[in-house]
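Inspection log for the structure reproduced underneath, given as structure tokens.
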Amino acid sequence: MFALINVTIYDFLNYIENGYVIFNEKIIEVGIMESFSDKDYQIIDGSGRVAMPSLTVAHSHIYSTFARGMDIGSTPSNFMEILENLWWKLDSHLTGNDIYMSGIVSAVDNAKNGVTSIIDHHASGEIKGSLGLLRKAVCDDVGLRGSFCFETSDRFNIEDCIMENKDNADMFGLHASMTLSEETLYKVKSVLGDMPIHIHAAESWMDQENCLSFHGERVIERLARHGLLNKNSILSHCIHINENEAELIAANECYVALNVRSNMNNAVGLPDYKMLKEKGVQCLIGNDGMSFGMMTEWSSLYLAMKHRYSAPAAFGMNDLISIIENNYKYVSNNFGVKIGRIQKGYDADFLSIAYEAPTPMNKENAFGHVLFGMAENFTPEHVWCKGKQIVKQYHVSNELEEKYKEAKKTAAELWERINGD
């Protein structure tokens, strides 16, 4: 049994100035230090630290890990060229070893950024067994929580994509409407059952334009016509949808995953959060494989929405907290766990970070300290997932550090194969 003591505790709802957390796989007890009684616990001193629930990502691309620093030899002028010249070149060359090593690197980097639950949207030239390799790397070898699916696309062997999702996924992965034929969607529907889908939807205007040109309807309307909008589906981006599409998303109890840093990087626009909120659409927050710093995604979403509407009050801290908590609820409900609070009975998924508040910090303003203080240099000292310490004094295990170093060679060999074609 472990006890984190002398620590400030904040979980978006509760705040304890000087408290303790007793835990193993689950949180056993939380309280103020005046009530703490040492019963031969393994003590971790949290003086000068803040304990928070560890972070979650609702839409990621682990396969993009080895794109960092890669020279694609051109400057794409639109979103389709970004896909063709970068992402489709990269994913089509990924072997089993590349998939596994990218899983190790991304899981280690996520953990060091305080992330312990990942919902991933995978693609690779090697389809069969790819999700198992990711699960082994992320969940078995690093120790994080993960949900994985394969992004079915007409670029790949459809039968292999379908079988990989059907046999190994927690939700059914689809790339985007513009890379999915009618025949493919009929095949997916025939095996889908009540499984949620995970898809890029109207990320760029090109996806919407393609759907209107070839099918005479909008992206969300097309998915609805095929009966694919199952409850708890994740529709990523949804930048170029209209009010009718938002109403369809809400009526079918689907979620929209927001990824604004990626959207800005790809110059595809920003989501209309105000419209989504008005139509009752539940939003999540992801990173689209852009980086592993989810705290940076929080800050970027907060600022981007104010910029989008040219109004300081258009998107407030409560809006951001609501989306963050949706992530915790989604993971809890779909992973069969209980995370997002530092309270008795919750799974021990939390972190501690060194933070000396330069101004008074209390329950009312704690999130302001997170967003404008901790987020500027968010480097947790300790990170636990299911009570297991993944990060200890800023480091993962020596074994994981060694595997991480091996990845540089793996990436170099991958780049060589890509450049050789």
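The values are calculated or read from the model by the stated rules, or taken from the named source; none is laboratory data. This structure is a prediction, so every number in the text was calculated from the model and none was measured. Glycine also receives a Cβ, built like all others from the backbone with ideal geometry; neighbour counts cover every protein chain displayed.
Below is a table of values for the structure above.
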| item | result |
| --- | --- |
| Counted residues, region 199-251 - those being farther than 22 Å from residue 334 by Cα and of a type in the set (S, T, N, Q) | 6 |
| Residue 395 being out of contact with any Pro (no Cβ under 6 Å at 6 or more places or on another chain), under 19 Å from residue 138 (Cα atoms) and in contact (Cβ under 8 Å) with a residue 60 or more places away in the chain | no |
| Residue 198, sole failed condition from (1) out of contact with any Leu (no Cβ under 6 Å at 6 or more places or on another chain); (2) free of Cβ contacts under 8 Å to residues at least 40 places away in the same chain; (3) surrounded by 20 or more Cβ atoms within 10 Å (Cβ to Cβ) | (2) |
| Lone qualifier among 73, 103 - being modelled with pLDDT of 95 or more, of a type in the set (Gly, Ala, Ser) and not assigned by TED's automatic domain parsing to the domain that holds residue 374 | 103 |
| Test set (1) among the aromatic types (Phe, Trp, Tyr); (2) touching a helix residue (DSSP H, G or I) at 6+ places or on another chain (Cβ under 8 Å); (3) in contact (Cβ under 8 Å) with a residue 60 or more places away in the chain - residue 328 fails condition number | (2) |
| Tally, over region 73-124, of residues that are among the small types (Gly, Ala, Ser) and crowded, with 17+ Cβ neighbours inside 10 Å | 9 |
| Residue match in region 37-50 (condition: surrounded by fewer than 14 Cβ atoms within 10 Å (Cβ to Cβ), more than 22 Å from residue 388 (Cα to Cα) and either of a type in the set (A, V, I, L, M, F, W, C) or not assigned by TED's automatic domain parsing to the domain that holds residue 386 (or both)) | no |
| Some residue of region 266-284 being in a helix (DSSP H, G or I), in contact (Cβ under 8 Å) with a residue 24 or more places away in the chain and under 20 Å from the mean Cα position of the chain (by Cα) | yes |
| Residue match in region 94-104 (condition: touching a Gly at 6+ places or on another chain (Cβ under 9 Å) and of a type in the set (Gly, Ala, Ser)) | yes |
